[in-house]
1. Which FRET efficiency value, to the nearest 0.05, do you get for H285 and Q94 by plugging their Cβ-Cβ distance into 1/(1 + (r/R0)^6) with R0 = 41 Å?
2. What is the local net charge at T114, summed over the other residues whose Cβ is closer than 14 Å to its Cβ (Lys, Arg +1; Asp, Glu -1)?
3. How large is ³J(HN,Hα), in whole Hz, for each residue of segment 260-273 in order, when computed from phi with the Karplus curve 6.51 cos²θ - 1.76 cosθ + 1.60 and θ = phi - 60°, using x for Gly and Pro?
4. Tell me the accessible surface of T77 in square angstrom (1.4 angstrom probe, heavy atoms of protein chains only), to the nearest ten.
5. Mind checking the full-extension length gain between E75 and Q63? Use 0.36 nm per residue of separation minus the Cα-Cα distance, one decimal, nm.
6. How large, in percent, is the carbon and sulfur part of the accessible surface of segment 121-230 at a probe radius of 1.4 Å?
7. Which of the residue pairs K125/K146; K313/K343; K313/K337; K343/K366; K246/K358; K112/K146 have a Cα-Cα distance greater than 18 Å in the structure shown?
8. Taking the Cβ of D98 as the center, what net charge do the other residues with Cβ under 12 Å away carry, scoring Lys and Arg +1 and Asp and Glu -1?
Amino acid sequence: MSRRTLIPVLIGTLGFFSCKPKPTPPTPPTPVNLMTAAVQRVYYYDKYPSTTVALSQVNLNAQVTGYVTSIDFQEGTHVHKGQLLYKLDQRLYQASVDQARANLRVDSGILKQTQQDYDRYAYLKQHNAVATQVVDHAEIALQNAKDSIEAAQQLVKTALTNLTYSNIYAPFDGTIGISQVRLGNLVNAGTTILNTISTDNPMAVDFLVNEAQLPHIEELQRNQQSIDSLFTILLPDGTLYPHLGKILFIDRAVDPQTGAIDVRLQFSNPQYILRPGMSTVVRVHNQDPAPQIVVPSRAVVEQMGEYFLFVAKDTVYERPGADSSAKKSTDTVETSKLRAFQKKVQLGQTIGPNVVVKSGINVGDKIIVDGVQAIHEGSPISTGPARQAGNRDSTGRGSVAGDSTVGHRRDSTKHK
C-alpha cells in the first residue's frame, strides 16, 4: 500500500476510536454520620397549657345598706375565716335593736297583766262568781299577749341580725383583693361588690385534654400514686413549681365543639406562690414500661404521611471488568461498600430533639443521622468524622429524658 493511501486510513481509524463514548465515572460516596440503634428506658413529659384556679372564690356583698365607716384589712393579703373586713354605719341598725327590745319589754308587761287577769277570772269561775264569757275573753287575751311576745322576740332577732350584717367578715381562709369601695362610700344591700376573696391553699390547676387522650388520663387518675413526680407545673417564668399535684377531678362531659375535656389538678400552696389566673404549663410524667429505641428526629424522613429511616449496610460487588461467570476465578475481587437503604418505621413519643421508634428497625442497625437529604435508596455512602447528636456520644447512647409539647407532637394515630 502506498504512503498516499495509508495516511487517510490511519486518520479514519483514529477518528473512529476518538468518537467512542467514554465510560461514566462512578458516583462518589456521600459522607454521612451514623449511630448504632440501641434500646434504653424512656422518660418524658407531656405538656399542656393550663391556668391556676381558686378552689373557692366569692364576691363580698353587704346584706344591708349603709356607709363604709371602717376597712380593717390590708389589700392583697391572706385573711382568716371570721376576720373583720368592713364596717358599715351601725347607728340605724343599733336604733332598730333598741326599739325592738323596748317593744319586747312593753309586750312582756302586757303579758304579765293579762296573765294576772286570767288567773283571777279562773279562780272566780271555780266558785261560780263570774260569767263564763269573761273567763273565755281573758283566756284569749292571754294567748294574744303570748303571741305578741314571740313576735317581739323575732323582731329583736331581726334587728340584731341586721346590726351584725353591718360588719362584713371573711367567709373562709384565703387571699383578699383590692377593695372596690373606700371610706364614706354608700353600699347598697346585695348589689355593691366590696371585694373578692379566694382560697389560696391548696390551689387548683385546670387544663384541657383531647377526648382521645381521656382513657390515658383516667388510667393515670387510678394509678397516680405509683409514678413519681406524675404531675408538675412550670410557672410563667419557666421555673418548676416545687410541689407535686394530683388529679382532683375530670369534668362531667366532653365539649362537642372542641372535642376536649377539662381536667383539674390540686397543688399545695403553702408559700402562696400560685395565684388565680396564672398561665402555667402542666407536665404529665410518662414512663414506658419497656426500653425503647430512640433516634434523633433529624434522621427521620417523611413521605406522603409515612416515616422512614436510612440504614447503612455493607454490600459486596465485583471488580470492574471481571466476568460474572468467573466469580471464583483468581481474577475476581470482592470489595465491601456501604450503601443506604430506606426502612419504613412507626414513631412514638417526641422527646426534645429525639423521637421513639416503635417498629421498623432493629437493635444494632446503623442509622444514618446526618446527610439524609443527599441520599436515596441504594446510594453509596461513606462515614466521616462523628459529630455529637444532642446529648449522645459516638455510640448513640445517652440521656433521653426530655419534654414533649402536645401541640407539637407527631400525630399519634400515625405511630400506632
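1. The calculated FRET efficiency here is 0.10.
2. Local net charge: -3.
3. Running phi through 6.51 cos²θ - 1.76 cosθ + 1.60 with θ = phi - 60° gives 10, 9, 8, 10, 10, 9, 10, 10, 5, 9, x, 8, 6, 6 Hz.
4. Taking all protein chains as shown, T77 has close to 40 Å².
5. Between E75 and Q63, full extension yields 2.2 nm more.
6. 51 percent
7. K125/K146; K246/K358
8. With Lys, Arg at +1 and Asp, Glu at -1, the net is +3.
The values are calculated or read from the model by the stated rules, or taken from the named source; none is laboratory data. Because the structure is predicted, anything quoted here is derived from the model rather than measured. In this analysis, Cβ positions are derived from the backbone assuming ideal geometry, glycine residues included, and neighbour counts consider all displayed protein chains. Only protein heavy atoms, including side chains, enter the accessible area calculation; ligands, DNA and RNA are left aside. Shrake-Rupley method; radii C 1.70, N 1.55, O 1.52, S 1.80 Å.
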